[in-house]
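The values are calculated or read from the model by the stated rules, or taken from the named source; none is laboratory data. Since we're looking at a predicted model, the values are computed, not measured. As a convention, Cβ positions derive from the backbone with ideal geometry for all residues, glycine included, and neighbour counts pool all protein chains shown.
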Amino acid sequence: MNLELMLPLIIYLVLVLGVGFWASRHRVGGDFVQEYFIGNRSMGGLVLAMTLVATYTSASSFIGGPGAAYKIGLGWVLLAMIQLPTVWLTLGVLGKKFAIIARRVNAVTINDMLWARYQSKAVVVLGSVTIILAFIATMVVQFIGGARLLETATGLSYQQGLLLFASCVLLYTVIGGFRAVVMTDALQGIIMLIGTGALLAGILVAGDGLPNLIHQLKVIDPKLVSPQGAGDLLTQPFMLSFWVLVCIGVVGLPHSALRCFGYRDSKALHRGILIGTIVSALLMFGMHLAGALGRAILPGMDSPDKIMPSLMMEVLPPWLAGVFLAAPMAAIMSTIDSQLIQASATLVKDLYLNYLSPEKAGQEKLEVRVPRLSLLCTLILGTLVLLAALQPPEMIIWLNLLAFGGLQAVFLWPLVLGLYWSRANGPGALASMVCGILCYAILSQWEIKPAGLHAIVPSLGLGLIAFVLVSLLTPAPSQHVRRLFEPQSSMD
């Protein structure tokens, strides 16, 4: 085991655990559910920006994306920058209106908002089931990625790496809740920036500067420096699909949308948009450019997904390589913790509290039971994901395929149209959710690509049509619901 390589990683793990313990001892008094699941809506601009970027940036951003850039070339770097407006879109489209209404209806989860808007148990239950299944699938894959990373870098067995990784994530998430999640996300975002910058600088030095690296790419394949990429893979249908999947559709991801509940005021929102967009641009450009330029340094790799750790070992001294090793670890953990806390909120708040009234359980008993149940659900969910990652079933792989686009197909239109179209109603939202997820599942399972488009594009199109038609053919929402969602107050 290389101690120089491991030291930055050990420091990082100690830091995130320290943040978790700090958050557990600095909870703001009041409602436990508000504090544990959304941090009492107290995020400032920097933390809002970093948690949104870190939540969206997963293992695929450090492994899969740069691997694709290695294979396809600089065209993929340009394509990756399609993701640049994601922070602006999420906080701009949902942000202020979401936060105002969430405070008005005391919403803690995305499904709280859906219930307040559509008054439909079917919408809440379908949304809850989708979140739990999709998050479990993606968390299993992220756990596997974290364990493999530790296995490769430290010499630990896969099982030992998995146990170490899972224990760290579970510990700070369970004890610290949402406050620990967003604070560690901020730390993880900073580490990702440092790691990406260090690697890119190392590549430029090892390759004798950018002009020489570009020349080497041209020698390997002139298409590597063209907008269409090697093999002309970046066609117009592909680019349109990518734009919808990783840019527009991100507005419909529940764990990203939930960040709109937790910020403090309008000043924090505006700072979050500015800082988040800059950080997102630096990360996306830096990571994918490193992958593309890496082909000039390591041209013969059989598995492009290994390009980032391979470059790390090739161009950086061991201690600096350890900093970069902490970067993908941070990306993985920042995605898992957000999904874990929201899956727990779905079980406790959306299903348990919504369907077991205080009159049945007793208000005092609930006040004692809910904190214990919240901690227990977070721990149990994390443990189940850990067990699944030990021997991942084949169905998990298929569920992971559905997870990212499936969440968008289910939630995008109910969230956006619920805020901006007064005629939107429960039957329309339910029709959109059912049509969207069924279309996405069918097209993905049988690899059907209408006009060469990714399954998410027709799925969102069908979901929108179903939403509008069914809403127009069924009764309008009540005046009470319409008044709740009218812009009546400010957060300034």
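Within the stretch 437-467, the set of residues being in contact (Cβ under 8 Å) with a residue 60 or more places away in the chain, in a helix (DSSP H, G or I) and more than 20 Å from the chain's Cα centre (by Cα) comprises Ala451, Gly452. One residue stands out among those in the stretch 411-458 that are in contact with a Gly (Cβ under 9 Å, 6 or more places away or on another chain) and closer than 19 Å to Pro237 by Cα: the one that is surrounded by the fewest Cβ atoms within 10 Å (Cβ to Cβ), which is Ser444. Does Asp112 satisfy the criteria of being more than 18 Å from the chain's Cα centre (by Cα), buried (at least 19 other Cβ atoms within 10 Å of the Cβ) and acidic (Asp, Glu)? For Asp112, the condition - more than 18 Å from the chain's Cα centre (by Cα), buried (at least 19 other Cβ atoms within 10 Å of the Cβ) and acidic (Asp, Glu) - is met. Scanning the stretch 258-296 for residues that are assigned to a helix (DSSP H, G or I) and among the charged types (D, E, K, R) turns up Arg259, Lys267, Arg271, Arg295.
Is it the case, given these coordinates, that Ser303 is within 26 Å of Leu150 (Cβ to Cβ), among the polar types (S, T, N, Q) and at pLDDT below 95? Even if it seems obvious, please write down each step before you answer.
Details: within 26 Å of Leu150 (Cβ to Cβ): yes; among the polar types (S, T, N, Q): yes; at pLDDT below 95: yes.
So Ser303 passes the test.
Of all residues in the stretch 331-351, those satisfying the criterion of being aliphatic (A, V, I, L, M) and either buried (at least 24 other Cβ atoms within 10 Å of the Cβ) or under 16 Å from the mean Cα position of the chain (by Cα) (or both) are Ala331, Ile332, Met333, Ile336, Leu340, Ile341, Ala343, Ala345, Val348. Filter the stretch 297-318 for residues that are assigned to a helix (DSSP H, G or I) and closer than 18 Å to Ala153 by Cβ and give the result. If the condition is that a residue be assigned to a helix (DSSP H, G or I) and closer than 18 Å to Ala153 by Cβ, then Asp305, Lys306, Ile307, Met308, Pro309, Ser310, Leu311, Met312, Met313, Glu314, Val315, Pro318 are the ones that fit.
As a summary of the residue check, Ala166 satisfies the conditions (1) within 17 Å of the chain's Cα centre (by Cα); (2) among the small types (Gly, Ala, Ser); (3) at pLDDT 90 or above except for the one numbered (1). For the stretch 116-133, residues that are under 16 Å from Leu253 (Cβ atoms) and at pLDDT 90 or above total 5. For the stretch 67-75, the criterion of a residue being at pLDDT 80 or above and farther than 30 Å from Gly405 by Cβ is satisfied by no position. Among the candidates Ala403, Ala388, the residue that is over 25 Å from Val251 (Cβ atoms), at pLDDT below 95 and part of a helix (DSSP H, G or I) is uniquely Ala388. Inspection of the stretch 470-489 finds a residue satisfying the criterion of being closer than 24 Å to Ile110 by Cβ, modelled with pLDDT under 95 and buried (at least 21 other Cβ atoms within 10 Å of the Cβ).
Look through the stretch 216-234, keep the residues that are free of Cβ contacts under 8 Å to residues at least 40 places away in the same chain and more than 30 Å from the chain's Cα centre (by Cα), and return whichever of them is farthest from Val77 (Cα to Cα). Going through the qualifying residues, I end up with Val219. Restricting the stretch 352-368 to residues that are of a type outside the set (A, V, I, L, M) and buried (at least 16 other Cβ atoms within 10 Å of the Cβ), the residue that is modelled with the highest pLDDT is Tyr352. In this structure, Ile397 qualifies as at pLDDT below 90, of a type outside the set (D, E, K, R) and either assigned to a helix (DSSP H, G or I) or more than 27 Å from Val174 (Cβ to Cβ) (or both).
Would it be correct to say that Gly195 is more than 26 Å from Ile278 (Cβ to Cβ), touching a residue at least 40 places away in the same chain (Cβ under 8 Å) and buried (at least 24 other Cβ atoms within 10 Å of the Cβ)?
Taking the combined requirement at face value, the residue does not satisfy it.
Taken as a whole, the stretch 128-142 holds at least one residue that is touching a Ser or Thr at 6+ places or on another chain (Cβ under 8 Å) and among the hydroxyl-bearing types (Ser, Thr, Tyr).
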